[in-house]
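A.B. asks: Sharing a structure here in structure tokens format.
The values are calculated or read from the model by the stated rules, or taken from the named source; none is laboratory data. Computed from a predicted structure; not experimentally measured. Neighbour counts run over all protein chains shown; Cβ positions are idealised from the backbone, glycine included.
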Amino acid sequence: MAYAIETRTVAAQPTLFVRGKTTIPNIAQSIGEFLSVVGRHLAEQSVKPVGMPYTRYHAIDGLNIDLEAG
């Protein structure tokens, strides 16, 4: 399967996220909890999200993961 890869430069955008640590078996639950916190905060501030949610993995060490979700 061939992929088309391109590099784009885009303007900086502010982001709201929660960073935390979890384990591989709990990753889906943790991401859901992090995104729920972000969603509640946005709602409290009457702010609507302007993009899709994301997850960024900062480090993976065995079963342990340091990640952010926003």
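A.B. asks: Evaluate the range 52-68: report whether one residue or more is among the hydroxyl-bearing types (Ser, Thr, Tyr) and assigned to a helix (DSSP H, G or I).
C.D. replies: Checked against the condition, which is being among the hydroxyl-bearing types (Ser, Thr, Tyr) and assigned to a helix (DSSP H, G or I), the range 52-68 yields no hits at all.
A.B. asks: I need every pair where a residue in the range 1-24 that is over 30 Å from Ser46 (Cα atoms) has its Cβ under 7 Å from the Cβ of a residue that is surrounded by 10 or more Cβ atoms within 10 Å (Cβ to Cβ) and polar (S, T, N, Q), sequence separation at least 6 or different chains.
C.D. replies: Cβ pairs passing all conditions: Thr23/Asn64.
A.B. asks: Oh, and also: So how many residues does the range 14-42 have that are exposed (fewer than 11 other Cβ atoms within 10 Å of the Cβ) and either more than 16 Å from Ala69 (Cβ to Cβ) or of a type in the set (D, E, K, R) (or both)?
C.D. replies: Number satisfying all stated conditions: 2.
A.B. asks: Sticking with this structure for a sec: Of (1) over 9 Å from the mean Cα position of the chain (by Cα); (2) surrounded by 10 or more Cβ atoms within 10 Å (Cβ to Cβ); (3) at pLDDT 95 or above, Pro49 satisfies all except one. Which?
C.D. replies: (3)
A.B. asks: I'm trying to understand the selection: among the residues of the range 1-47, which are out of contact with any helix residue (DSSP H, G or I) (no Cβ under 6 Å at 6 or more places or on another chain) and β-branched (Val, Ile, Thr)?
C.D. replies: Scanning the range 1-47 gives Ile5, Thr7, Thr9, Val10, Thr15, Thr23, Ile24, Ile27, Ile31, Val37, Val38, Val47.
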